[in-house]
Amino acid sequence: MTDTTATATFGGGCFWCTEAAFTEVEGVESVTSGYAGGETDDPTYREVCTGETGHAEVIQVEYDTTVIDYGELLEVFFTVHDPTQLNRQGPDVGSQYRSIILTHDEEQRRQAEAYVEALSAEGGYDDPIVTEIEPLGTFWRAEEKHQDYFAKNPQDAYCRMHAQPKVEKVRERFREEQTA
């Protein structure tokens, strides 16, 4: 990392979908799929999918702070998933698909809590926001076949049904920022 690069970690359902969406955002330098928030050391995809390791599927975002800030990443995060679904996103059910923000420092924690509080106050959701906010422990990189999954498998039925709409939503909603 450089002085202008920072890291954010988010879990909002299947990491294939969130990874694909965040790669569309200007200022995002890289997105890595992985696991965090659990008890098992170096878990595998199969272990995490059981829901028994305590991990969530997450993405780690490296971003250029001169182009995009953490608050803007929070906006993208809350655009690409439903923060009111407890332990699920769409067809994916289990604690491994929970909505979670894993903070890297006190400032990220403060901003994430303020963002959730503001969203809740706006009343834009019919149900309460259930997004967890906690400090990042260890981030475990997912197996290579899960990295850039959408880019490598654009014709995969799951990707077309679930990742593609998130990518299109980010392209449409954040187009002005990307071309400004």
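The values are calculated or read from the model by the stated rules, or taken from the named source; none is laboratory data. Keep in mind the model is a prediction, meaning the values are calculated, not measured. Cβ atoms come from the backbone with ideal geometry, glycine included; neighbour counts cover every protein chain shown. Please note that ligands, DNA and RNA were not included when accessible areas were found on the heavy atoms of the full protein model with its side chains. Shrake-Rupley method; radii C 1.70, N 1.55, O 1.52, S 1.80 Å.
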- Task: Tell me which of these residue 86 doesn't satisfy, since it passes every other one: (1) among the aliphatic types (A, V, I, L, M); (2) in a loop (DSSP other than H, G, I, E, B); (3) under 21 Å from residue 151 (Cα atoms).
- Result: (3)
- Taking residue 93 as meeting all but one of (1) among the β-branched types (Val, Ile, Thr); (2) within 20 Å of residue 137 (Cβ to Cβ); (3) free of Cβ contacts under 8 Å to residues at least 12 places away in the same chain, write down the number of the exception. (2)
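Just to be sure, is residue 55 at pLDDT 95 or above, open to solvent by 30 Å² or more (accessible area, probe 1.4 Å) and touching a strand residue (DSSP E or B) at 6+ places or on another chain (Cβ under 7 Å)?
no
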- Item | Selection count, the range 72-118, where residues are open to solvent by less than 70 Å² (accessible area, probe 1.4 Å), under 15 Å from the mean Cα position of the chain (by Cα) and closer than 22 Å to residue 43 by Cα | 12
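Yes/no matrix, rows are residues, columns are (1) closer than 22 Å to residue 128 by Cβ; (2) open to solvent by less than 50 Å² (accessible area, probe 1.4 Å); (3) not small (Gly, Ala, Ser):
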site: 12; (1), (2), (3): yes, yes, no
site: 18; (1), (2), (3): yes, yes, yes
site: 48; (1), (2), (3): no, yes, yes
site: 65; (1), (2), (3): no, no, yes
- Item | Every residue from the range 117-145 that is aliphatic (A, V, I, L, M), over 20 Å from residue 63 (Cβ atoms) and not in a loop (DSSP other than H, G, I, E, B) | 118, 119, 121
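Out of 160, 141, which single residue is surrounded by 12 or more Cβ atoms within 10 Å (Cβ to Cβ), farther than 24 Å from residue 35 by Cβ and of a type in the set (D, E, K, R)?
From the options 160, 141, the qualifying one is 160.
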- Could you give every pair whose Cβ atoms fall below 9 Å, whose first residue belongs to the range 148-167 and is over 20 Å from residue 79 (Cβ atoms) and basic (Lys, Arg), and whose second residue is part of a helix (DSSP H, G or I) and modelled with pLDDT of 90 or more, counting only separations of at least 6 or pairs across chains? 152/145
